[in-house]
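Below you'll find the structure, written out as structure tokens, and then a few comments.
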Amino acid sequence: MNFKKILEWWDKVPSWVKRYGTLVLFILLVPICLWSMGALYYSNLPWAWLRATLAWIFPILIIAALIIFPKRIRTILISYAVILLIFIWYLLIPASNAGPWRRGNQVIASATVNGNDITVHNVRNFDYRTENDYTEHYETRHYDLSKLKTMDMFLSYWDHKVAMAHMMLSFGFEGGKYLTVSMETRVQAGRSQDTLPGLFRQYGIICILGDERDLVRLRTDFRGELVYLYRFKMKPEGVRLVFLDILRRANELVEHPRFYNTISFNCLTSLIPSICVAHPKYRWDIRILANGFSDKLLWERKTIVGSDKLTFQELKNNAFIKQYLPRGYDVSKYSELIRKGLNAIPKH
């Protein structure tokens with residue numbers, strides 16, 4: 001970057017442009033500098049003390065330079081140049097499928113597609129006694145694409161608050177067979193999951209293909225989460241397009257792992273490209289980020305069953321699946337029981 005030419009050009013601009021331009025660049029520098037601190041702290045440098053030291057020294061040096069040197073525009077431009085180098089370094093940090101991974105995150109699902117014959121490998125179907133006491137089962141299952149009819153959405157509120165939820169899709173085949181898709185953080189063994197590290201390439205993302213009696217029942221019966229079930233208004237042809245695209249992307253993650261991101265590549269945003277295969281005119285909305293409100297967004301757009309028959313609150317009350325699970329229920333009928341609300345929605 002030729003700072004001399006930039007500064008020569010800057011000297012020729014009107015004084016009010018210099019004043020307000022410098023102010024804007026400085027204001028923008030603050031959040032970008034904060035991001036750089038996070039990128040340094042959560043970088044791939046092997047020593048925690050060095051990451052922490054760099055994260056704190058970087059803004060201190062910028063502040064000191066702004067105070068000491070009279071030509072603040074030069075200091076600001078140099079700061080931006082250094083941040084650009086940090087950003088490039090950050091982008092070059094590679095994702096990996098190498099472990100060791102936390103239990104439940106070790107095995108990756110994949111699929112083989114041969115016309116209408118679908119073979120899904122490593123379908124997760126754990127047998128739970130408690131949330132943390134379970135027997136692992138991974139199965140190979142076969143599906144007939146021509147019998148795929150429906151696509152349902154689960155919203156699971158893990159902290160009982162309304163803004164954030166975990167979203168899963170479940171694909172329904174004739175005969176009562178369902179395959180659930182859950183995009184989740186892939187966390188290494190011995191580490192915990194948190195929101196802030198999830199913004200800085202600290203976790204992988206894993207596409208779990210599983211049984212509802214595992215992925216959904218874990219949340220309703222063992223974690224005590226508030227889980228709601230909605231069905232998309234989508235023709236079987238559209239459902240199949242979404243399903244095939246998800247399987248394609250699950251296979252891609254086997255060969256080309258990616259990082260989870262709390263905002264841009266999470267349980268919902270990572271699935272939007274696949275949903276857009278059937279809904280190419282999908283419009284962006286801020287509630288996609290606060291995905292706990294995504295059911296209301298879908299109700300407003302009339303894209304879920306019941307949105308033209310019930311008020312949103314009526315539909316949400318109807319969608320709460322725990323109410324359809326009596327004490328001591330037959331676990332083999334889990335998928336059937338949780339859809340009592342869907343079956344009760346007026347058809348006409």
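The values are calculated or read from the model by the stated rules, or taken from the named source; none is laboratory data. On a predicted model such as this, the values are computed, not experimentally measured, just so you know. In this analysis, Cβ positions are derived from the backbone assuming ideal geometry, glycine residues included, and neighbour counts consider all displayed protein chains. When the accessible area is computed, the model is the full protein with side chains, heavy atoms only, and any ligands, DNA or RNA have been set aside. Shrake-Rupley method; radii C 1.70, N 1.55, O 1.52, S 1.80 Å.
Solvent-accessible surface of the range 226-348, averaged per residue with a 1.4 angstrom probe and all protein chains in place: 52 square angstrom.
Cross-link pairs exceeding 22 Å in C-alpha to C-alpha distance, out of LYS147/LYS316; LYS177/LYS235; LYS302/LYS322; LYS161/LYS316, comprise LYS147/LYS316; LYS302/LYS322. Going 7 Å from the Cα of ARG283 in the Cα-to-Cβ direction, what parts of the range 295-318 have a backbone nitrogen less than 19 Å from that spot? What the label zone holds, given the 19 Å backbone N cut-off, is 295-305, 307-308, 312.
Of the solvent-accessible surface of the chain, computed with a 1.4 Å probe and all protein chains present, 61% belongs to carbon and sulfur.
Per residue, the accessible area of the range 53-96 comes to 65 Å² when a 1.4 Å probe rolls over the protein heavy atoms. Around the amide H of ILE205, modelled in the peptide plane, lie the amide H atoms of ARG186, ARG258, TYR260, all under 5 Å away and 5 or more residues distant in sequence or on another chain. In a fully extended conformation the segment linking TRP56 and LYS161 would gain 34.4 nm over its present Cα-Cα distance, using 0.36 nm per residue.
Working note: Karplus 6.51/-1.76/1.60 with θ = phi - 60° gives the range 243-255 the couplings 4, 5, 5, 5, 5, 4, 6, 4, 5, 4, 5, 5, 8 Hz, where Gly and Pro are set to x.
Using 1/(1 + (r/R0)^6) with R0 = 45 angstrom and r between the beta carbons of LEU196 and THR112, what's the FRET efficiency to the nearest 0.05? The pair LEU196/THR112 has a calculated efficiency of 0.70.
The chymotrypsin sites (Phe, Trp or Tyr not before Pro) of the range 251-331 that meet both conditions, a loop assignment by DSSP and at most 14 other Cβ atoms within 10 Å of the site Cβ, are TRP284, TYR329.
Using θ = phi - 60° in the Karplus curve 6.51 cos²θ - 1.76 cosθ + 1.60, the 3J(HN,Hα) couplings for the range 319-325 round to 7, 6, 7, 4, 5, 9, 10 Hz; x is entered for Gly and Pro. Between amide H atoms placed 1.01 Å from N, distances below 5 Å from MET151 occur with GLY172, PHE232, all of them 5 or more places distant or on a separate chain. Under a 5 Å amide H cut-off, with hydrogens placed 1.01 Å from N, ARG102 pairs with VAL187, GLN188, ALA189 among residues at least 5 apart or on other chains.
For the range 15-54 and the range 279-308, what is the separation of their Cα centres, given in Å? Comparing the Cα centres of the range 15-54 and the range 279-308, I get a distance of 35 Å. Computed extension gain for ARG141 through LEU84, at 0.36 nm per residue and net of the alpha carbon distance, reaches 15.8 nm. Entry note, the chain: relative contact order of 15 percent, from Cα contacts under 8 Å with a spacing of 6+ residues.
Computed packing ranks the peptides 125-131, 249-255 as 249-255, 125-131, most packed first, by mean other Cβ atoms within 10 Å. 3J(HN,Hα) along the range 332-345: 5, 9, 4, 4, 5, 5, 6, 9, 4, x, 4, 5, 8, 5 Hz, from the Karplus curve 6.51 cos²θ - 1.76 cosθ + 1.60 with θ = phi - 60°, whole Hz, x for Gly and Pro. Here each label is just a point 7 Å from Cα along the line to Cβ, and for ARG248 and ASP330 those points are 4.0 nm apart.
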